[in-house]
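Below is one structure; the comments refer to it alone.
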Amino acid sequence: QVQLVESGGGLVQAGGSLRLSCKASGRTFSSYTMAWFRQAPGQEREFVAAIGGTTYYADSVKGRFTISRDNAKNPIYLQMNSLKFDDTAVYYCAAPKRGDLGSRVREWEYTYWGQGTQVTVSP
């Protein structure tokens, strides 16, 4: 059974940094694009960043967030710098059931999801 477990969320002041981690079990995703999404209260879940053959970012986080992966340990990380109040959300790690290292930025392209980790940025 595939499980994705996020960690690293918390409360931080605006301008601060956090590093999220996503650990997978039950399957290896080293050859697949994986992603981070987030959902703020009362809003739809939205794409944040993905990593496959290259990296992809939402415009709102470009230049501030960095996605990376270490296939030997936790599959992916999200380094979040210069955090803003609007970054407050539950952050989810996502992996596809099949695929490759191509561009995958839409929610429906992912099958496996973690339980989410809360990121709260105080003004």
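The values are calculated or read from the model by the stated rules, or taken from the named source; none is laboratory data. Note that this is a predicted model, so its numbers are computed, not measured. All Cβ positions, glycine included, derive from the backbone under ideal geometry; neighbour counts span all protein chains shown. Each accessible area value is taken on the protein alone, full model and side chains, heavy atoms only, with ligands, DNA and RNA left out. Shrake-Rupley method; radii C 1.70, N 1.55, O 1.52, S 1.80 Å.
General remarks:
- Cα lying deepest toward the dipole's positive end in region 1-110, options 18, 57, 77, charges on Cβ: 77
- Other residues lying with their Cβ under 13 Å from the Cβ of residue 112 contribute a combined charge of +2, Lys and Arg counting +1, Asp and Glu -1.
- The local environment of residue 89, defined by Cβ-Cβ distances under 13 Å, has a net charge of -2 under the rule Lys, Arg +1 and Asp, Glu -1.
- Modelled label positions at residue 98 and residue 5, each set 7 Å beyond Cα in the direction of Cβ, lie 3.0 nm from each other.
- When the charge dipole of the chain is built from unit charges on Cβ atoms (+1 for Lys and Arg, -1 for Asp and Glu) and taken about the Cα centre, the candidate among 42, 4, 117 whose Cα reaches farthest toward its positive end is 4.
- Fraction of accessible area attributable to carbon and sulfur, the chain (%, probe 1.4 Å): 46 percent
- Cross-link reach is defined here as a Cα-Cα straight distance under 14 Å, omitting same-chain residues fewer than 8 places apart; for residue 97 the aspartates and glutamates meeting it are 107, 109.
- For region 52-123, the relative contact order is 34 percent, taking Cα pairs closer than 8 Å that sit 6 or more residues apart in sequence and dividing their mean separation by the residue count.
- Per residue, region 78-123 exposes an accessible area of 51 Å² to a 1.4 Å probe, with every protein chain left in place.
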